[in-house]
Every structure is written in C-alpha cells, then in structure tokens.
C-alpha cells in the first residue's frame, strides 16, 4: 500500500535483527523505520530495538504497527525511551498518513510533525497517580491449596507425528482469531446477516482452499514436545529441579524445608509481581512447602510454511501470503492447544465436560492456564532459553535467536499452570 502511494519501501524481511536495519540506514537515505508485530513477543523486540537505537543517538521517525500492538504499549513502553517521532499505526492506511506527514515535515520543518493518528484519539481512562507499594510476600494472600497431580513420567516426550493428524489439529484452530485478527474480516458495524453471508460465501471457502493447499504442498510438518519437571516456589521465583529429582511426588513426600532444597535447583524462573491487588506472580500458583509439577511444551508447524511464504511474497501475491501466514500462526497455536490437552489428560485434570481424546476440542474452557514468555504475566523473553535447555527442540530444527525469537516462525513455547485458579492478568 505504501509503494502504491508513491513511497519507496526497503523490505528487510521477517524477524530481522536490528543490525540489518542499521546496515540499510548506513547506505541509504532513510526517512522512517517501520516495525510490525504480529505476536506479543515481537512487540518486546520492538521495545528492545528502540532502546538500542536511542542509546546510539538515532532519532529517525519510527512507524509501529501489527495485530499484537496496543496504544498503551506504545505510550507506556516505546515513546518514553525514544527521542524520535513514533507513530502508532493501526493499519496500512495509517502508515500512508504518517509517511505523508513525514514527507511534508522534511520539506518544511516549520509545519511541525504531528504523530497523532486514529489510535491515539481513543480516550484512555485516567487514573490517579499514586506510589504503589507491593506488600511483603508474607502479607500477600496466596491461591488456595490444591491437589498436586502426579505426571506419568518426568522429563520430555515427543508426540509421534502420526498422532498429529492435520484435520484433527485444524479442529483446534481458533477461527475467530484467524478470520478477524489475521485475515481482517471483522464485522465492524456490518449487519449480522450480511456478516454471516460474508463468512459463508467468502471466508469459509477461503479457509477450506488454504487447507487444501497446505495438504497439496505438504507444508504441515509438525513437532510437538512436552514434559514435566519438579518445581518449588519461593516468592517470585520458581525453582526447577532435575527431572530425576522428582520421582516421589505424592501427598506425603518431598516436604523438606525450602532452605534444604533450594541449592538443588537446576534452573530458576523469576516472575514479576502485580503492582495492584492481589499482587499475583505466576510462582504463587505452585506449592512452596512441598514439591510441585511444571508442564512445559514446545511446538512447531515446521519450516515449509516460511519457504512457501517467501515464494508468494517474491511473486507479489501479498493477499495469499497474508492468508497462508495467518493460517500457519494459528496452526502453531492449535498445536499448543493439543499439547495442553495432552497435559490435562496426563495429569487427570481435564474438566468434567471434556472428552478423553485429543479430538475433543476445548478452547479456553478448562482448569488452569497456559502462558508463553512475552505475554503480560511473564513479559521477559529470556527465560525461553530455559525451556529450550529442558526440552531440547534444536534436535528437531527449532532454534532460538539471540533476541529469543523462535525459528521456524510458526512455533511457540509455553509453561502450563495446573492450579484451578490460574488466570490471565497484566503486571
């Protein structure tokens, strides 16, 4: 859309390291830098990039967009750390408006540079600014005690590919997210009947066509790794012990005082605590007076999707590229749901109305919760390295970059909290 409006775009690619941006800036006359975040994890990389650019004295205008981005993230975490202009662009047309303003400003700086776009005009609730004090750990009300399930094994396990039937995995695809967030088919004031007709005549046929294309080209090459590890919480820390340590978890075993076992921890996750009541940290959902169990997972649809997407992009088939890419992302999320279902079955914590089969789909209607690093309750990406150390997905071609981005792109890791009161929240 920018190119069609007369702007020259230098595309440095997907999941590009900041150094590649800087290499272009050194050799070309750049008027703006654009970064787009489809996944929440990539918005954290945006922030990291801006911090590095600020430390280098760079003030080139920056355009930020993508499905995972929000105005509050731009206002609270991006604009304060970067001295150059930042535009929050909700769609490609906002990018055109932003570039037009930058063009006018470059021709005549006296006109000023207004960075406010449609997303900035949405009123935000005002809150009284107060000093927030998080109480001592001993004064924070913990979640209720629950039965700690016993896993069928310790360490990791790889689900066989013949267990990951493509049609079965597609049943777990969140079509609402795919159609609205990735493909852009939002109702947006459209009459119900008209939107239903759009879904039936255009969207669902496109869904079936893309499915058939994935099968025809053999793009779906799934990997699903999951495992169980003994843990113990200590305030904001979750101590992770070697898999051989936890063979005796039951109601009466492994109740040694925390001080006696803390030195045996192999890894430690540290979670931030909420600044408002109930001042929750993810570690609170695990026992601290005895050992508990932490399920982990890593899934990927394989690297063939990325190869096909590059082919579509090179051929200027941008709409098809977007549809295939979105489908691949949601397939990775579907695989994560399948892994979570397997974990619930293993731990015997499936809800009463769940069937005892991977084909029985339950989206967001189950006890416990699944979290990925980069999301609000655990925003730091670096602990992803620990999941990689434990599950060893590199053996299946899944790698982690220096900025903790997973390759292939349509891959994700997660930690599962079995506690029935676990929920999603912001720090």
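The values are calculated or read from the model by the stated rules, or taken from the named source; none is laboratory data. In this text the structure is predicted, and so the values were computed from the model without any measurement. So basically every Cβ, Gly included, is an ideal-geometry build from the backbone, and we count neighbours across all protein chains shown.
Scanning segment 65-77 for residues that are surrounded by 14 or more Cβ atoms within 10 Å (Cβ to Cβ) and over 18 Å from the mean Cα position of the chain (by Cα) yields a single hit, 75. Only one entry in 346, 360 is in the same structural domain as residue 182 (by TED's automatic domain parsing) and modelled with pLDDT under 90, namely 360. Scanning segment 261-286 for residues being part of a loop (DSSP other than H, G, I, E, B) and under 24 Å from residue 376 (Cβ atoms) gives a total of 12. Is at least one residue of segment 43-62 part of a loop (DSSP other than H, G, I, E, B), under 17 Å from the mean Cα position of the chain (by Cα) and surrounded by 22 or more Cβ atoms within 10 Å (Cβ to Cβ)? Looking for residues that are part of a loop (DSSP other than H, G, I, E, B), under 17 Å from the mean Cα position of the chain (by Cα) and surrounded by 22 or more Cβ atoms within 10 Å (Cβ to Cβ), one finds none in segment 43-62, hence no.
Filtered by the rule that a residue be out of contact with any helix residue (DSSP H, G or I) (no Cβ under 8 Å at 6 or more places or on another chain) and modelled with pLDDT of 95 or more, segment 150-166 gives a lone residue, 157. Scan segment 297-307 and tell me whether some residue there is assigned by TED's automatic domain parsing to the domain that holds residue 227, buried (at least 22 other Cβ atoms within 10 Å of the Cβ), touching a helix residue (DSSP H, G or I) at 6+ places or on another chain (Cβ under 9 Å) and in a helix (DSSP H, G or I). Yes, because at least one residue in segment 297-307 is assigned by TED's automatic domain parsing to the domain that holds residue 227, buried (at least 22 other Cβ atoms within 10 Å of the Cβ), touching a helix residue (DSSP H, G or I) at 6+ places or on another chain (Cβ under 9 Å) and in a helix (DSSP H, G or I). Annotation: of all residues in segment 119-141 being surrounded by 14 or more Cβ atoms within 10 Å (Cβ to Cβ) and modelled with pLDDT of 80 or more, the one that is nearest to residue 35 (Cα to Cα) is 134.
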